[in-house]
1. What nm value, rounded to one decimal, do you get for the distance between Glu368 and Ile416 when each label is placed 7 Å out toward the C-beta?
2. Summing +1 for each Lys or Arg and -1 for each Asp or Glu, what net charge is found among the other residues whose Cβ lies under 12 Å from the Cβ of Ile21?
3. What's the local net charge at Lys338, with K and R +1, D and E -1, over the other residues with C-beta under 10 Å away?
4. Report relative contact order for the chain in percent, whole number only (criteria: Cα-Cα under 8 Å, sequence separation at least 6).
5. Treating the beta-carbon of each Lys and Arg as +1 and of each Asp and Glu as -1, no other charges, what is the dipole magnitude of the chain about its Cα centre, to the nearest 20 debye?
6. What is the antiparallel percent of DSSP beta bridges lying wholly in region 222-378, to the nearest 5?
7. Given R₀ = 45 Å, FRET efficiency for Ser208-Lys290 by Cβ-Cβ distance, to 0.05?
8. Report, in deg cm²/dmol and to the nearest 500, the calculated mean residue ellipticity at 222 nm for the chain, where each DSSP H run with n ≥ 4 adds -39500 (n - 2.57) and the sum is divided by the residue count.
Amino acid sequence: MREYETIAAISTSLGESGVSIIKLSGGNAKEIAAKIFKQKNNSDFLKAKPWTMNYGHVVDIDSGEIIDEVLVSYFQGPRSFTAEDVVEINCHGGRIATESVLNTVFQAGARPAEPGEFTKRAFLNGRIDLSQAEAVIDIIQAKTELSMKSAVSQSGGKLSGEITDIRNQILNLLAFIEVTVDFPEEDLEFTTGNEVSEKLTHLLLKVSDLLKTSEEGKILREGLSIAIIGKPNVGKSSLLNALLKENRAIVTDVPGTTRDIIEEYLNIDGIPIKITDTAGIRETDDIVEKIGVDRSKSKIDEADLIVFVLDHSRPLDQEDKDIVKYIGNRKSITLINKIDLEEQINPDGIDLGATIGVSALNGYGINELKDKIKELFFHGNIEITDVMVTNRRHKEALMRAHEKMTAAKTAIDQGISLDLAAIDINAAWNYFGEITGDTLSEDLVDKIFSDFCIGK
Ligand code: GDP
């Protein structure tokens, strides 16, 4: 295990609460805590048994004055979250109590932890791999129970296990090829080639199966993005409100996201949905309106699904037709809203495809809309398969590995020499390693952890 400075941070969120937790990790965690923690029973914290909780006070390092009443636990490395010595101080919640205790910890010798540094240490100390570390942040940011379930499975090592298994098989293949190349006999190269090609086919199937989970996996992690589109007054905001009424998901704001377009999170039977109410997309010379239109267009382009709203009580007009044209072949659901009003809509030769009649005002048809969404993305049946690829970074690595393995197989099948194919197989092995963090550069690892919150 590497030696690191002892770090400290608040692990709970700051605000009025019963308890806050300040976490210390590093070789000196216990010594630092002992300087400022006076136990009620007067025993020395340095002698505290591991995995116990101890009662007393945090005191000022110079004056000895009591700062807060606390419970302090001690986890001896390597059996701790970071695999180092960890001390957790449970003090009173609230900004003043929490920050006073944290400052005292700093005065006693700890340094402020960087974002994600605790989890990064768990990774660098080999307790978890990179995909497990990434799952920790996914658990914290999970948008629905289902998202959380898949993140918990990943943090437990389900994906890592699968990837490690594939990497081991590739390593065996490479060793096998090397032996053959070292003893170059025509026949041997031929039989080895066949065998390697067969094994690659088997591995390629495995990777394809993993990649197949990535569309649903991405949705579980990031949310399915839906853009509501339609001309003014068709009932877009009313529809959004009707959906939010029962299904609003509680999510934490991601810092840095702009809120000039209305964006909300829904939870539809566990599917996290990010829904955007866009402005119109009509042609305009007004500069301000044009900015809005451009922004709506880019939201529409980014969306996984478009919900196109039409008004049952008005005839179709040019603006509706322009939207139909803009949607083109994108995945979409067409709603005829205000079905409670008299029919005036006249498709006028325009093919609207399958439509759903709804009334955003009284909730009619909203369930049908939800079922349609589930059907389009989860075949109507939402369940977490054992191993799911939820992270874009993992998906990209798998795609590249798949490409390299395909190239190797093609080369072997065409009778091109095995040691050339081995170069591609080796590249694939590296791409798989990026998922677990074994072959990822330090810069990229740092970047991944910098997206974490402080205290985790
Ligand atoms: P937006 O401009 O597309 O966002 O439309 P709004 O949601 O603001 O709705 C425009 C008007 O249509 C409002 O007066 C709504 O109350 C009304 N409206 C929306 N949905 C319905 C509906 O299903 N039935 C009826 N009768 N009125 C609706």
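1. Distance between the two pseudo-spin positions: 5.5 nm.
2. On the way: positive: Lys23, Lys456; negative: Glu88.
Residues close to Ile21 contribute a combined charge of +1.
3. -3
4. After rounding, I find 17 percent.
5. On the way: 51 positive and 75 negative charges, 275 e Å.
Computed charge dipole of the chain: roughly 1320 debye.
6. Once the DSSP bridges in region 222-378 are tallied, antiparallel ones form about 35 percent.
7. With R0 = 45 Å, the Cβ-Cβ based efficiency is 0.55.
8. About -15000 deg cm²/dmol.
Quick note: the coordinates plus some simple rules give every number you see, no bench work behind them. All values derive from a computational prediction rather than experimental measurement. Cβ: placed from backbone, ideal geometry, glycine included. Neighbour counts: every protein chain shown.
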